[in-house]
Amino acid sequence: MRRLCILLCALACAFGLLLWCEGDAAPQATPEPSAGPTYPPALSPDRVSVQVVSTQDEPVQPAAAPSAPEPVWLNVWNEGSIERVELEEYLIHVVAGEMPASYEPQALRAQAVAARSYIAWKLPAYGGSGCSRGGDVCTDSEHCMAYQSDEALRGRWGGHYDAYYEKIRAAVQDTRGQVMVWNGEPIQALFHSSSGGMTEDAQAVWGTAFPYLTSVRSEGEGDEQRTVRLSAKELAQKLNAAFGGAGLTADNVEAQFLVRSRTKSGRADTVKVGRVTATGKSVRAALDLSSASFSVDWQDGEAVITTVGYGHGVGMSQVGANAMARQGSDYRDILTHYYTGAALATLSDLGE
């Protein structure tokens with residue numbers, strides 16, 4: 001019995017020692033869950049966004065069409081009455097009256113811009129003084145520009161009316177609103193039928209210089225000449241009527257009617273008319289010659305007066321413009337050639 005007690009006591013002590021050793025053991029670290037892949041701050045899982053990219057091109061929205069320029073209205077003097085006409089419509093009939101419809105399209109465009117520029121130069125809205133007969137312009141070719149009514153065009157063109165009218169309408173429409181300017185103002189865009197190869201300086205004709213109306217070569221016009229024949233008596237009578245005090249007779253006119261000097265372009269500048277010194281321009285008017293580019297020869301007592309070109313010779317030569325167009329020049333090239341230093345602009349530019 002005593003031994004049994006000792007044994008039990010020993011077992012109890014051993015068991016207590018075992019419990020004490022387990023209580024003092026260091027705790028084991030608990031493994032943490034995996035954090036997964038590491039993202040840069042900008043792409044951390046809670047900040048990632050998804051962008052959907054279309055595989056088709058975005059439809060392009062068409063640009064808004066430019067608004068049509070406001071029409072310009074003219075007060076046109078026509079046979080004593082004033083008519084209100086839209087500029088571009090008026091120009092169709094002016095171009096038809098001033099240039100043959102058979103001319104090249106680019107020449108017709110140049111004519112449309114030149115005529116529009118001349119009208120703008122006259123309009124009070126752009127600094128002009130209008131037409132002295134009343135209104136802005138008139139339909140008299142001797143005063144402003146030629147104008148052909150629809151009725152006149154039908155009679156003149158006959159079966160070609162539709163084609164010619166559309167051709168000229170297109171020339172006006174394709175240059176709508178365009179004018180030639182110098183220092184921001186419309187130019188006095190003068191023109192004439194043909195120059196004979198060299199245009200004239202405005203100062204030589206009218207005594208006033210315009211920087212854009214100087215003498216330039218006009219290639220491709222050909223050698224078209226016109227001849228007037230007058231007896232010595234007829235010539236003396238015409239010159240005496242135009243120049244008082246000339247004192248010409250049938251006997252002395254051959255010796256007393258001479259071209260004394262010529263301009264740079266070859267036109268008569270000063271002319272001896274008996275006891276009077278006249279200008280080539282005034283002699284041209286007195287004898288109703290085609291141009292001031294004339295020469296006088298005598299054959300069996302008769303004066304043979306030969307002219308080259310048609311018109312005053314200043315500004316754009318229409319025959320020359322057509323020749324340039326046939327050679328491939330467009331209306332811009334034509335205009336800047338004949339109007340030295342002038343630039344192309346629009347009426348809307350002038351209104352700003």
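The values are calculated or read from the model by the stated rules, or taken from the named source; none is laboratory data. Predicted, not measured: the structure shown is a model, and the values here were computed from it. Don't worry about glycine lacking a Cβ; one is built from the backbone with ideal geometry, like all the others, and counts go over all protein chains shown.
Observations
- Residues within the stretch 170-223 that are of a type in the set (Val, Ile, Thr) and more than 22 Å from the chain's Cα centre (by Cα), tallied: 2
- Residue within the stretch 154-171 that is surrounded by fewer than 15 Cβ atoms within 10 Å (Cβ to Cβ) and touching a Gly at 6+ places or on another chain (Cβ under 9 Å) present: no
- Candidates Tyr165, Tyr126, filtered to the one that is over 25 Å from His337 (Cα atoms), in the same structural domain as Ala325 (by TED's automatic domain parsing) and of a type in the set (Phe, Trp, Tyr): Tyr165
- Set Arg133, Arg109, Arg84: member being among the basic types (Lys, Arg), in contact with a Phe, Trp or Tyr (Cβ under 7 Å, 6 or more places away or on another chain) and loosely packed, with under 12 Cβ neighbours inside 10 Å: Arg84
- Cβ pairs under 9 Å, 6+ apart, first in the stretch 231-244 and at pLDDT 95 or above, second in a helix (DSSP H, G or I) and among the acidic types (Asp, Glu): Ala232/Glu254; Leu235/Glu254
- Residue match in the stretch 98-113 (condition: at pLDDT 95 or above, in a loop (DSSP other than H, G, I, E, B) and among the charged types (D, E, K, R)): yes
- Close contacts from the stretch 266-282, counting a first residue that is free of Cβ contacts under 8 Å to residues at least 40 places away in the same chain and a second that is crowded, with 19+ Cβ neighbours inside 10 Å and hydroxyl-bearing (Ser, Thr, Tyr), with Cβ to Cβ under 8 Å and a gap of 6+ residues or different chains, come to Ala268/Ser293; Gly280/Thr263.
- Some residue of the stretch 89-103 being hydrophobic (A, V, I, L, M, F, W, C) and farther than 24 Å from Tyr331 by Cβ: no
- Within the stretch 189-229, the set of residues being polar (S, T, N, Q) and in contact with a strand residue (DSSP E or B) (Cβ under 7 Å, 6 or more places away or on another chain) comprises Ser193, Ser194, Ser195, Thr199, Ser215, Ser218, Gln225, Thr227.
- Yes/no for Thr270 being at pLDDT 95 or above and touching a Lys or Arg at 6+ places or on another chain (Cβ under 6 Å): yes
- Criterion: β-branched (Val, Ile, Thr) and in contact with a helix residue (DSSP H, G or I) (Cβ under 7 Å, 6 or more places away or on another chain) - qualifying residue of Val319, Val308, Val273: Val273
- Residues of the stretch 114-136 classified as under 14 Å from Gln188 (Cβ atoms) and either within 21 Å of the chain's Cα centre (by Cα) or assigned to a helix (DSSP H, G or I) (or both), total: 13
- Criterion (farther than 22 Å from Gly127 by Cα and of a type in the set (A, V, I, L, M)) met by exactly one of Ala209, Ala163: Ala163
- Filtered residue count, the stretch 149-177, keeping only those that are more than 22 Å from Val76 (Cα to Cα) and of a type in the set (A, V, I, L, M): 2
- Residues of the stretch 245-263 that turn out to be in contact with a strand residue (DSSP E or B) (Cβ under 8 Å, 6 or more places away or on another chain) and either loosely packed, with under 15 Cβ neighbours inside 10 Å or among the β-branched types (Val, Ile, Thr) (or both), as a count: 8
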